[in-house]
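Chemist: My structure is below; once you've seen it, I'll send some questions.
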Amino acid sequence: MLTKKQNLIDLLSRVAILVVVVAVLAIIKTESFWTVENIRQVVFQQAPYTILMAFGMSLAIISKGIDISMASVMVLSSYLSAKFFQQGNYILGILVAAGIGVGFGISNGLLISKIKIEPYIATFSIDFIALGLAYVVCNGKYIYGFPAGFRSLTNGSLIFGFPNIALITMAVFVLLYILTRKTTYGRGLYSIGHNKEVARLSGMKVDQILLSVYVINGVLAALTGVLYLSRLNAADPSIKGSLTMDSIAAALIGGIPFGGGKGSVLNTVVGALIIIFIRNGMNIMNISTNWQSAVVGFVILFSILYEILLKKLMIALGKKKEYM
Amino acid sequence: MLKRIKKLDVSGVAVGDIVLFLFFCVAAENFLNGYNFILILRNSCTLLVASIGMTLAILVSQIDLSVGSVVSMSAVMVAILNNAGCPLILTILATLAMGALVGLINGILISKFKLDFWVVTFSTMSIMAGLALVIADGATVSTQNEVLDFIGNGKILGVYTVIWITALVCAIMILVLKKTKFGYNVYSIGGSATVAGVSGVKVVKNRTMVYVLSGIFSAISGIMIAGMTNSGSPTVGNEYTFSAMAAVVIGGTSFDGGKGGIVGTICGTLLLKILASGLSLMGIPSTWQKATIGIVILVLIITDVVSEKRKNIKGLRRVYQDVD
């Protein structure tokens, strides 16, 4: 009961950060930031990519791991499937993208669960390989110009007012929320994050669950890659950009600490929105893109310090209750 | 017994170096000549000095992800301060101080405030990478200075100055790790921080020292790069973190901590550079090299982890037999 209340307070405090960020921006730059058009653009068009990637990162972090390779796997899968989408061969394109995502996910998962390499190192190497392959395949050539049907994946809107990409993100969110919060699988995931050894001793299939986490991440990366293709109308290896860092920052500031076993995908959405609004605000205020990496770094540092503060606060609250 | 195993580890990498060297002598045409050999040595210097810091961090069973961006930052800083007319000696001292400061921040946050070392060094990594971009305004800063050029490209007694500097740094650190109390403490903290702390080793102080040294070595590496290229690029260090990690692990310093040392790291760095040189002389296009090196590194890391596990199991078996 208490933990449920604590989680709620934690989440609400993150929402408060989001509100503060938005309010500050709205006050400083009322005319260019606080418009329906800009907010819609940010929430429905820019945020979904970061949110989708951050979902994967959150799952990895909840299981006390990390997945550095997602952005590169996304680049590679979007690149290899681009040709098929261009020719209108959607099924093959989806199969190729998903295959790459699952393939790299399995190799990440096996390296981490079976061979027991530190998640950071394993996914870092896979990141290196995937990006290297992407550059090999790309070889300086860009693929651009996709059919209108494929473009409507992000441009169009099935329900009025909600672009398709926002709908897809919501569907993924609901799926992941149910998967992590309402199933035995989800319980296993959280208990692995708390203590792997205890989870193993209580009969959970730790290796399989870990493997599945990274496979899910691969699929999410592939999905994001395909959506990116549709939005940019071009396949370009530089779309990797700062997505890895953004998604880590989103998970951390959203309230999914590196310790593992805490937070939910709802936290991820809040965290991703914070990051995206900060980036949008910096663009509107004409701050050089050079600053953005440093600012995201500061956000990560801030979020770990915030975590400590919050923990101390919770302990103080708990104590007070005991005395009363 | 333990000493013999340690020696075996290092000689394993050394044998790998020689085998790879011989392989490229046969496979790549212009590989076997004195000029190329010296080129490999010279190219290894900057990575090697940066890897020494990483070796220390991994020896205390932690990691320093900020190595690469401190390298970039110092290269940029040297170029900018030099262009501003600052005397070279002051420039170098300021750069070293910057490295030490970043290390100090890392060290204090990690050992004093007990924050997770992945997150802390990840955030200092992104902050420093961002700041390097900011002060360089996103582009390479070129600079002219005779002494700086001498550091990078000059020769003393027919051998490049960078090789002298690197040899000096390596020799000092080998002695420090072997002969001083600090070195002894580093190994015992890596073996078990709790045991070391209980037996009176000042864990917090020594760990902070390790990060400070790591920052200083990264700064030295950045200064050498600025000298070699007569410029400071804000992205020059981007791949140093991964390469340094790989060099250390290949050199037999395991992530468990307390095992390995500088000699292994020297062999590991040489292995990476021989590989890069051989691949490009074999005419393999540079786009393929990134992926190939990634795969080779991953294979080596897997071998390291698997053999480590096997050794542990063997050790356990011996313990059980002794009990019987």
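Here, each number is a calculation from the coordinates, and none is a lab measurement. Since the model is a prediction, treat every value here as computed from it, not as a measurement. Positions of Cβ are generated from backbone atoms using ideal geometry, with glycine treated the same way; all protein chains shown enter the neighbour counts.
Chemist: Fewest to most neighbouring Cβ within 10 Å: what's the order for A:Val20, A:Val73, B:Val76?
Modeler: Exposure proxy ranking, most exposed first: A:Val20, B:Val76, A:Val73.
Chemist: Ratio to report: Rg/Rh of region A:1-114, with Cα atoms as the point set and Rh obtained by the Kirkwood method; give two decimals.
Modeler: The Rg/Rh ratio comes out at 1.11.
Chemist: At a 10 angstrom cut-off on C-beta neighbours, averaged per residue, how do the peptides A:147-156, A:95-104 rank from highest to lowest?
Modeler: A:95-104, A:147-156
Chemist: I need the per residue convex hull volume for region B:150-216, using only the alpha carbons, in cubic angstrom as a whole number.
Modeler: Convex hull of Cα atoms, per residue: 85 Å³.
Chemist: Projected area of the protein assembly as shown, taken from the Cα convex hull and averaged over every viewing direction, in nm²?
Modeler: 33.7
Chemist: When averaged across all projection directions, what area in nm² does the alpha-carbon convex hull of region B:97-147 cover?
Modeler: Spelled out: convex hull of the Cα atoms, projected over all directions, averaged, 4.7 nm².
Chemist: Would you mind working out the magnitude of the charge dipole of region B:176-317 relative to its Cα centre, with +1 at each Lys and Arg C-beta and -1 at each Asp and Glu C-beta, to the nearest 20 Debye?
Modeler: So the dipole magnitude of region B:176-317 works out to roughly 640 debye.
Chemist: Enumerate the whole-percent occupancy of each 10 Å bin, from 0 to the last occupied one, for all C-alpha pair distances of region B:133-172.
Modeler: All Cα pairs, binned at 10 Å, distribute as 26, 33, 27, 13 percent.
Chemist: Another one. Please report, for the Cα atoms of chain A, the Rg to one decimal and the Dmax as a whole number; what are they, in angstrom?
Modeler: When restricted to the Cα atoms of chain A, Rg and Dmax are 20.0, 70 Å.
Chemist: Dimensions of region A:201-284 along principal axes (Cα, Å, largest first)?
Modeler: In descending order, the Cα extents are 51, 27, 17 Å.
Chemist: Counting only Cα, what are the radius of gyration and maximum Cα-Cα distance Dmax of region A:180-225, in Å?
Modeler: Taking only Cα atoms of region A:180-225, I get Rg and Dmax of 11.8, 38 Å.
Chemist: Also, quick follow-up: Volume per residue, Å³, of the convex hull around the alpha-carbon atoms of region A:95-141?
Modeler: Value for region A:95-141: 62 Å³ per residue.
Chemist: If I take the Cα coordinates of region A:73-173 and project them onto the principal axes, what are the three extents in Å, biggest first?
Modeler: 48, 35, 20
Chemist: Quick one: the Cα spread of region B:15-131 along its three principal axes, in angstroms, biggest first?
Modeler: Principal-axis extents of the Cα atoms in region B:15-131, largest first: 52, 41, 21 Å.
Chemist: Let me ask you something else. Please work out the ratio of the alpha-carbon Rg of chain B to 2.2 N^0.38 Å and round it to two decimals.
Modeler: Compared with the compact-globule rule of thumb, chain B sits at 1.01.
Chemist: So what is the diffusion coefficient of region B:224-324 in µm² per second by Stokes-Einstein at 4 °C and 1.567 mPa s, using a Kirkwood Rh over Cα pairs?
Modeler: Once the numbers are plugged in, D ends up at 81 µm²/s.
Chemist: Right, next: In whole angstrom, how far apart do the alpha carbon centroids of region A:208-283 and region B:153-190 sit?
Modeler: Using only Cα atoms to place each centre, the spacing works out to 41 Å.
Chemist: Give me the count of lysine pairs in region A:81-231 whose alpha carbons sit under 22 angstrom apart, restricted to pairs 8 or more positions apart or on different chains.
Modeler: 8
Chemist: Taking the Cβ of A:Gly259 as the centre, find all other residues whose Cβ is under 14 Å away and add up their charges (Lys, Arg: +1; Asp, Glu: -1).
Modeler: Once all neighbours under 14 Å are counted, the net charge is +2.
Chemist: Let me ask you something else. How big is the Kirkwood radius of region B:150-292, worked out from every pair of different alpha carbons and given in Å to one decimal?
Modeler: After inverting the mean inverse Cα-Cα distance, the result is 17.3 Å.
Chemist: Would you tally the net charge around B:Ala171, using a Cβ to Cβ cut-off of less than 14 Å, leaving B:Ala171 out, and scoring K and R as +1, D and E as -1?
Modeler: Combined, the nearby Lys, Arg, Asp and Glu give +2.
Chemist: Tell me, rounded to the nearest percent, the portion of alpha carbon pairs in region B:248-291 spaced more than 17 Å apart.
Modeler: 44
Chemist: Working from the pairwise distances between different alpha carbons, so that the mean of 1/r is found and then inverted, what is region A:174-324's Kirkwood radius in Å?
Modeler: That comes to 18.0 Å for region A:174-324.
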